[in-house]
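A short write-up of the structure that comes next.
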Amino acid sequence: MSGLDWFIVVSISSAVLLFVLALFFLLSFIQLTRRWKTLSKKRVKNKKKRRKLKRQLANISKKRTRKIIQLSICLFISLIILSGGLYGRYYQSLHLNADDKEIISQSYFVLEEVKAELSNIKSGSDVDKSQQKLKDMLSMLVSYTSRQPSTTLSVDGQQQLRNYYKKATELGTNLYGQTTAQLNDSKRIDGFLTDISSLQKKQKEIFETFGISSDSVKKQN
């Protein structure tokens, strides 16, 4: 679990415990109020007993006030902690975790390299020399994008990544299986370059969705 995961779990757990404690103070306040009402209805003629009753009522009133303060403090703190935990969960749903960020970063790098290598082949480079390099990069691409996106993301965010991972895996698998003769076909190369451009467009949309700077990704690679 990441630090943010622990923060969310601890925050929500603490908020629940404080809320339970607040309920305890509320029940205590209700019991004291009932007792105060019962005693306040008593009619005592004896002065000593009347003074004793007044002291009891005053003591109960103090306890009631203390319980209300304790209740308010518990509720206030629990709401603050819960708000922090919920905000953390909201933030988590809109931002990539370390694993997904790594996948996006590495696939960005690999797609750029594959695109450049295919362009070189189309321009007349030796296919045999380029093929092994392509296979190494494509194996890396498939290895990364065959994973599932984090479940901490929003449903839409997960679906967006899932679609991207699926398309990237399909591209990597199909291109990996191409023979030397097939890679010498310029039309086939154009088709793969079009697929890569489409993937890079999806990648750009992911950057925009999750607030990732392409410049920061380039620096990492």
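The values are calculated or read from the model by the stated rules, or taken from the named source; none is laboratory data. These figures come from a predicted structure and were not determined experimentally. Here the Cβ positions follow ideal geometry from the backbone for every residue, glycine too, while neighbour counts run over all protein chains shown.
Couple of notes before you dig in:
- Single match in Lys135, Lys202 (criterion: touching a Phe, Trp or Tyr at 6+ places or on another chain (Cβ under 8 Å) and more than 25 Å from Lys101 (Cβ to Cβ)): Lys135
- For the residues Leu75, Leu39, the requirement of being under 44 Å from the mean Cα position of the chain (by Cα), farther than 30 Å from Phe210 by Cβ and surrounded by 13 or more Cβ atoms within 10 Å (Cβ to Cβ) singles out Leu75.
- Cβ-Cβ under 6 Å pairs, at least 6 apart or on other chains, the stretch 91-104 side in a helix (DSSP H, G or I) and among the polar types (S, T, N, Q), far side at pLDDT 90 or above and loosely packed, with under 15 Cβ neighbours inside 10 Å: Ser93/Ser154
- Yes/no for Leu183 being outside the structural domain of Leu86 (by TED's automatic domain parsing), modelled with pLDDT under 90 and either over 23 Å from Asp215 (Cα atoms) or small (Gly, Ala, Ser) (or both): yes
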